[in-house]
Amino acid sequence: MTDEQNFSRKKYRASARAHANVAAAKYWGKRNDSLNLPIFDSIAFNIDALSTETTATWTDDERDALIINDWHVPPQSMTRISRLLDKIREMKGWKKHCTLVSRNNFPLSTGLASSASGGAAATMAAVHAAQLDLPQSQISALARLCSGSAARSIPQGWTRWRAGSAEDGSDSFAVSIAPPNHWNLQLFVIQVSDAPKNISSTEGMKRSESSPFWNAYIAEAARAADVIQNAILQKDFRAFSEAVMQNTMMMHAVALTAKPPVCYFAPKTIEILQKIMRICRAMPVCCTIDAGANVVVITDNIAAPFVKNDIIAMGLTYIQSCVGGGTELITA
Ligand code: PMV
């Protein structure tokens, strides 16, 4: 590589770190598939201990490249990332291609939202490497193109993804509703399985529309964001846990009753769920499950040691975390 080529690569290079997020009020249902536009608002929190670091470099190479944990993603699996990179190319009016090198500190596709942290880190890195100066809302809307939930990993702490109503998705982005230290809850991400899930979120959402309960679900789930946001702002654990658990069950209810049915639960998922439903009568604890077998248990600082003992007694592997910050640029 000549000095000039090397200089050009460095000039158009940036690195970012993003955290995974877990939904308290789920995004489950799209009004536009290719732009990942949701039917209703969702609420999430970033998980400090789960992160992805990505370096983006715009080059004169002939095609885009994506390398995740040393795995070269085949071109046919790059549709989502291409949507983002095409949009940046359009904004820049250039024909350059982007190489994204990404590393997660947790397994891919296990319901631990690697698509969220991966999409957010890639977006932040690619935008800055292209030397675009965009507001956070626009970066969140771009991240949404990779994976809907990635929009929520851009802002810090507790976030709300506003569904928006514009057809082009320009008003569909996430904002922070509270910083990470607003409410010192403890999170236990319980890894039930490290095998990739066999039905993607997109497929799961699509199939759920065939559930006989779908219309009731969207009417009810649309209200969850306000209820859960209020509980978070007031630090009302009882209201929060009731709404979070019900919201989880509603999402899985429409998945389970779809044609053909979608079941993300593994036997251990049910075991943990039943345990949490038993102990939540005696202490502040609840749990949520995204599109995978893993469970995220949420509790406060006082109950955390007791909950941890229960998790250990069940022989489970877990990652303990607090609520995390937003996506940040780093020096690679
Ligand atoms: O962002 P996606 O396409 O991976 O969908 C995420 C769907 C859920 O994790 C189940 C819910 C959510 O709000 O994150």
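What is the gain in length, in nm to one decimal, between Thr317 and Asp236 on full extension, counting 0.36 nm per residue of separation less the C-alpha to C-alpha distance?
26.3 nm
Sticking with the crude label model, points 7 Å out along Cα→Cβ, report the distance from Asn69 to Lys10 in nm, one decimal please.
Reported label-point gap for Asn69 and Lys10 is 3.2 nm.
Within the stretch 67-85, find all residues whose amide N lies under 16 Å from a label point positioned 7 Å from the Cα of Arg103 along Cα-to-beta-carbon.
67-72
Hey, with R₀ at 30 Å, roughly what FRET efficiency would Asn32 and Leu132 work out to, going by the Cβ-Cβ distance, to 0.05?
It comes to 0.80.
Find the all-direction average of the projected area of the Cα convex hull for the stretch 108-214, expressing the result in square nanometres with one decimal place.
Taking a quarter of the hull surface, the average projection is 9.1 nm².
For the stretch 273-295 and the stretch 128-205, what is the separation of their C-alpha centers, rounded to whole Å?
Cα centres, the stretch 273-295 to the stretch 128-205: 23 Å.
In what sequence do Lys95, Lys235, Lys259, Lys197 fall when counting other Cβ within 10 Å, fewest first?
Exposure proxy ranking, most exposed first: Lys95, Lys259, Lys235, Lys197.
Show log10 I(q)/I(0) for the chain at q = 0.07, 0.14 Å⁻¹, two decimals, from a solvent-free Debye sum over equal Cα scatterers.
The Cα Debye sum returns log10 ratios of -0.27, -1.06.
Arrange Arg17, Arg278 by Cβ neighbour counts within 10 Å, fewest through most, would you?
Arg278, Arg17
For the charge dipole of the chain, defined by +1 on Lys and Arg C-beta atoms and -1 on Asp and Glu C-beta atoms about the Cα centroid, which residue among Trp28, Ala129, Ala163 has the Cα displaced farthest towards the positive pole?
Farthest along the dipole direction, towards plus: Trp28.
With labels modelled as points extended 7 Å from the Cα through the Cβ direction, what inter-label distance (nm, one decimal) is found for Trp214 paired with Met283?
A separation of 4.2 nm, rounded to one decimal place.
Can you tell me how much longer the chain between Leu256 and Lys308 gets when fully stretched, taken as 0.36 nm per residue apart minus their C-alpha distance, in nm with one decimal?
Full extension of this stretch gives 15.8 nm more.
Using the Cα centre as the reference, give the magnitude of the dipole from point charges on the C-beta atoms of the chain (Lys, Arg: +1; Asp, Glu: -1; all else neutral), rounded to the nearest 20 debye.
I would put it at about 280 debye.
Cβ under 11 Å from Gly119's Cβ, Gly119 left aside: what net charge do those residues give with Lys, Arg +1 and Asp, Glu -1?
Net of charged neighbours comes to +4.
Order of 179-191, 211-223 by packing, highest average Cβ count within 10 Å first?
Ranked by mean Cβ neighbours within 10 Å, highest first: 179-191, 211-223.
Identify the residues of the stretch 295-332 with backbone N under 20 Å of a label point that sits 7 angstrom from the Cα of Met249 along the Cα-to-Cβ direction, or state none.
Taking a point 7 Å out along Cα→Cβ of Met249, the residues of the stretch 295-332 whose backbone N falls under 20 Å are 295-299.
Any chance you could give the angle, 0 to 90 degrees and rounded to 10, that helix 237-256 forms with the longest Cα principal axis of the chain?
70
Based on other C-beta atoms within 10 Å, arrange His252, His128 from fewest to most.
Sorted ascending by nearby Cβ count, the order is His128, His252.
With a 10 Å cut-off between alpha carbons and a GNM built on the chain, which of Ile68, Ile228, Ile289 moves the most?
Top of the fluctuation ranking is Ile68.
Could I have the simple spin-label model distance between Asp86 and Val175, label points 7 Å from Cα toward Cβ, reported in nm to one decimal?
3.0
Using a Förster radius of 25 Å, what is the FRET efficiency between Glu167 and Glu62 based on their Cβ-Cβ separation? Nearest 0.05, please.
0.15
Coordinate-derived values only; no laboratory data. Everything numeric here is computed off the predicted structure, so don't read it as measured data. In this analysis, Cβ positions are derived from the backbone assuming ideal geometry, glycine residues included, and neighbour counts consider all displayed protein chains.
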